[in-house]
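Only one structure is covered here, and it is reproduced in the block below.
The values are calculated or read from the model by the stated rules, or taken from the named source; none is laboratory data. The model shown is predicted, which means the values in this text are computed figures rather than measured ones. When we count neighbours, we look across all protein chains shown, and the Cβ atoms used for this are built from the backbone with ideal geometry, even at glycine. Note: areas computed on protein heavy atoms with side chains; ligands, DNA, RNA excluded. Shrake-Rupley method; radii C 1.70, N 1.55, O 1.52, S 1.80 Å.
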Amino acid sequence: MTHAQDNFLTWLRAAHAMEEQAITMLAAQSRRIESYPDLKARIISHLHETEGHAQALKDLLDQFSGSGGALALKDMAAKLAAKAQGVGGMLTSDEVVRGAMTGYAFEHLEIASYRVLIAAADELEEMGAKLVFEQILAEEIAMAEWLEANLDTITRIFLMRDERDLMAKR
């Protein structure tokens with residue numbers, strides 16, 4: 001195996017762990033968002049996409065390196081980190097806004113990761129993997145664009161509801 005292939009596998013493992021972390025975060029977020037139906041629906045839709053991403057990456061990992069204990073440990077660590085983040089988010093009153101901000105930033109991390117994987121797959125002439133990464137990239141960009149287009153509305157609705165709730169307590 002060449003050094004380039006080693007790097008490719010390292011980045012592929014990291015992307016898989018990132019998708020596993022995203023599944024945990026999106027699932028937790030979707031369970032707690034009730035009064036933002038558009039956001040909840042988009043999160044659930046992206047959760048299903050993300051589950052497909054994780055499976056596609058696992059299939060590629062099995063193809064290129066076989067499944068192994070290191071992958072399972074990395075996935076478990078990512079899930080634990082996401083659960084800890086989910087518990088922390090439950091303690092804030094502005095969870096919906098912070099969740100949208102975190103999601104937007106996370107999507108851009110994923111976008112960067114897939115751009116790297118596409119370049120590596122192209123360089124290694126792994127065209128099947130490149131096609132998988134391009135499909136995932138398109139879905140990550142779509143989610144980032146949706147969040148970008150809706151951050152203003154989510155924030156304004158939150159502020160309006162928060163103010164209303166404060167007035168009702170007085």
- Message: Checking the structure you have, find out if any residue of segment 81-97 is under 11 Å from the mean Cα position of the chain (by Cα), part of a helix (DSSP H, G or I) and modelled with pLDDT under 95.
- Response: yes
- Item | Scope segment 1-17; condition part of a helix (DSSP H, G or I) and open to solvent by 20 Å² or more (accessible area, probe 1.4 Å); matching residues | 3, 4, 5, 6, 7, 10, 11, 13, 14
- Which residues, counting only those in segment 7-37, are charged (D, E, K, R) and at pLDDT below 95? 31, 32, 34
- Can you name the residue in segment 21-35 that is among the hydroxyl-bearing types (Ser, Thr, Tyr) and open to solvent by less than 30 Å² (accessible area, probe 1.4 Å) and, of all such residues, is nearest to residue 133 (Cα to Cα)? 24
- Query: If you scan segment 123-149, which residues turn out to be in a helix (DSSP H, G or I) and under 15 Å from residue 60 (Cα atoms)?
  - Reply: 127, 128, 129, 130, 131, 132, 133, 134, 135, 136
- How many residues does segment 121-167 hold that are surrounded by 12 or more Cβ atoms within 10 Å (Cβ to Cβ), hydrophobic (A, V, I, L, M, F, W, C) and more than 24 Å from residue 107 (Cβ to Cβ)? 1
- Name the single residue, out of those in segment 101-120 being buried (at least 19 other Cβ atoms within 10 Å of the Cβ) and under 15 Å from residue 19 (Cα atoms), that is farthest from the chain's Cα centre (by Cα). 117
- Residue check: is residue 43 at pLDDT 95 or above, open to solvent by less than 20 Å² (accessible area, probe 1.4 Å) and of a type in the set (Val, Ile, Thr)? yes
